[in-house]
Each structure stands twice: as structure tokens, then as C-alpha cells.
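Participant: Shown below is the structure under consideration.
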Amino acid sequence: MRKPIIVGTALIATLTVAGILLLAQDKSGRPSPPAKAECKLAGGKSITIDYSSPRAKGRKIFGALVPYGQIWRAGANESTTFVTGTDVTVGGKAVPAGNYSIFTIPAEDKWTLVISKKTGEWGTAYPGPDNDLARIDMRVSKLSSPVENFTIAFDQAGGGCTLKMEWETTEASVDIKK
């Protein structure tokens, strides 16, 4: 009689722990929920960016929450990933097929896109310039109306696309070609 009670208790404990772990992995309830952008390239290849999308919530973003001249993870939570299934050029610089993390260095008139060979960082942990694959200039423009949710998107154009990051009243962009 005692053995079934022990087995039953162990089973309930295991199911409880499994349920807690599954809930912890559900990222949709986060204040900065997960988002994805995809650029479809010729030959069935693509570029995918996975990131977390923070909200402005009435805060001053660039030059305050996100300081100018400092490395920023381009999102929230885990580092933003950049996965390309084929060799591409980003802003004229070669990026081989592979998995990367991306960061930015915002400024009022120009941003720098940092493509890091190291992946899996959490939070603001920038792995350092020794792990940079490339640093690429991005164009900056002012938007006509504010954007509440930080957004990364691609505009398809010819054989490539334009990577755009928008938040507050700022848009930073760079061209990507296969």
C-alpha cells in the first residue's frame, strides 16, 4: 500500500515541475514579447531575426533609456539573433551563412549594426569586439509618427531586402543583398 502512494506522490511532483517549466518557457506573457522578422531570398534561402519587442510606455527612448554612443542589444531579454541560410552582404560587408547575435550603437545621425559571432547572451551582455564579425553603418531617419513597440522588419527589394529597426520616432536601416 505504501509503494503506490510513494509512486503517486513522485508522479504528481514530476508533473508539477514539468508544468512549471513549460509555463516558464512561454514567452508570450513577457512585457517585451517575442517577435520575428524574415527576409526571403532567391533559391529558398532566408534571413531570420528573432528578438524581444520592448514598449515605449511614455518613456524617452533614444538618448535616454537607450543612450547614444553605447552598445544596445536591439531588443530586450535574450540577445537578438540573426540567422542567414546563405552568404549575404550587409551594408557592403560579407556575412557568411550562419547564426549570429546583433547589437547596435545608436547615435542621433547614424547607427552602427554590430554582428557578433557569439550567440546566446542574455540581457545587455555584449561579448566584446573580439567576437565581432562586422560593424556596419546604418542610415537613420525620423518617422512621421511615434512607434510604441520596438520593431525589426524587412522590406523585400529585388534580390535582397532592407533591414529596418523602428522605435519612438527613429528608423535605422541597412541594405542586405545575396
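Participant: Looking at segment 107-120, which of its residues are under 18 Å from Met165 (Cβ atoms) and surrounded by 16 or more Cβ atoms within 10 Å (Cβ to Cβ)? Outline the logic, then answer.
Facilitator: Within segment 107-120, the first condition is being under 18 Å from Met165 (Cβ atoms), and the residues that meet it are 107-116.
Matches in segment 107-120: Ala107, Trp111, Thr112, Leu113, Val114, Ile115, Ser116.
Participant: Let me ask another. With the requirement that a residue be more than 19 Å from the chain's Cα centre (by Cα) and open to solvent by 50 Å² or more (accessible area, probe 1.4 Å), what does segment 41-63 give you?
Facilitator: If the condition is that a residue be more than 19 Å from the chain's Cα centre (by Cα) and open to solvent by 50 Å² or more (accessible area, probe 1.4 Å), then Ala42, Gly43, Gly44, Lys45, Lys57, Gly58, Arg59, Lys60 are the ones that fit.
Participant: Test Ser28 against the stated conditions and say whether it is at pLDDT below 95, among the polar types (S, T, N, Q) and surrounded by 16 or more Cβ atoms within 10 Å (Cβ to Cβ).
Facilitator: no
Participant: Collect the residues in segment 116-160 that are among the aromatic types (Phe, Trp, Tyr) and touching a residue at least 60 places away in the same chain (Cβ under 8 Å), keeping them in residue-number order.
Facilitator: Phe150, Phe154
Participant: Go through segment 39-66 and report how many residues are free of Cβ contacts under 8 Å to residues at least 40 places away in the same chain and in contact with a Ser or Thr (Cβ under 6 Å, 6 or more places away or on another chain).
Facilitator: Number satisfying all stated conditions: 2.
Participant: Could we say that Ala134 is surrounded by 13 or more Cβ atoms within 10 Å (Cβ to Cβ) and within 18 Å of Ser52 (Cβ to Cβ) here?
Facilitator: So Ala134 does not fit the description; no.
The values are calculated or read from the model by the stated rules, or taken from the named source; none is laboratory data. Values in this document were obtained by computation on a predicted structure and should not be read as measured data. So basically every Cβ, Gly included, is an ideal-geometry build from the backbone, and we count neighbours across all protein chains shown. Each accessible area value is taken on the protein alone, full model and side chains, heavy atoms only, with ligands, DNA and RNA left out. Shrake-Rupley method; radii C 1.70, N 1.55, O 1.52, S 1.80 Å.
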